[in-house]
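Report on the structure given below.
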Amino acid sequence: MNTVIETIKRRRSIRTFLPKPLAEEDLRAILDAGIHAPSGHNDQPWFFTVIRNKAFIDYMSSRAKEVMAESETPWIARMGNSDRHILYNAPAVIIVSGRRQAYSPLSDCSAAIQNMLLAAESLNIGSVWVGLIDHFFTRPEDLQKLNLPDGYQPFYAVCLGYKAVESAPAALPKRNAGVIHYWA
């Protein structure tokens, strides 16, 4: 099997990281994979905010959890009231934002995230795609701290770090093969 397909099949979300900072060349390689993602009409509407300041990462988690705690969705409220760090104490977090006026910013940014996740796995770096960070984006005073260019909207976070644990092959979930239909 080729290495790209092997990497795709091996990659899993990692939520436990070593406190060691990412090497600059590894971070650059991951970001470079993101900017090489496909995009509708070649808009390339993404913007990546790289955060390596632990205090600010902790702040984002805490503020998002405050909003989550007031959610009417029970599981989100429970997570907001838990001790869980929603950014998993990752040494690096990338906020992925998209240009609002692009043709398909959410899809394009999602493709960029997938490229970054696969690049991280190819470097044996743990990663997890975090949607709950959107609760941090609800307060204008917090959103302003990200210093996004005008016209951009943050969508997701990608947490990165050297793996504190490896995914056990036996723990890999079975994939549903019944989702493919060939139309004749």
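Okay, here's what the table says:
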{"item": "Gain upon complete extension [Asp150, Asn2; 0.36 nm per residue less C-alpha separation]", "result": "49.1 nm"}
{"item": "Dipole axis of segment 3-165 (+1 Lys, Arg; -1 Asp, Glu on Cβ), positive-most option in Ala119, Phe137, His41", "result": "Ala119"}
{"item": "Mean Kyte hydropathy of -0.5 or more with a Cα span along the axis of at least 18 Å, helices from DSSP in the chain", "result": "54-69, 105-122"}
{"item": "Relative contact order, percent, the chain [alpha-carbon distance under 8 Å, six or more residues apart]", "result": "33"}
{"item": "Net charge of Cβ neighbours under 12 Å - reference Ala90; Lys, Arg +1; Asp, Glu -1", "result": "+4"}
{"item": "Listed peptides 11-24, 84-97 by packing density, highest first (mean Cβ within 10 Å)", "result": "84-97, 11-24"}
{"item": "Structure-derived Rg and Dmax of the Cα atoms in Å - corresponding label in (1) 18.5, 58; (2) 16.8, 52; (3) 17.1, 56", "result": "(3)"}
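Read the figures in this text as sums done on the coordinates, not as results from a lab. Quantities reported herein were computed from a predicted structural model and do not represent experimental measurements. Glycine gets a Cβ as well: all are built from the backbone with ideal geometry, and neighbour counts include every protein chain shown.
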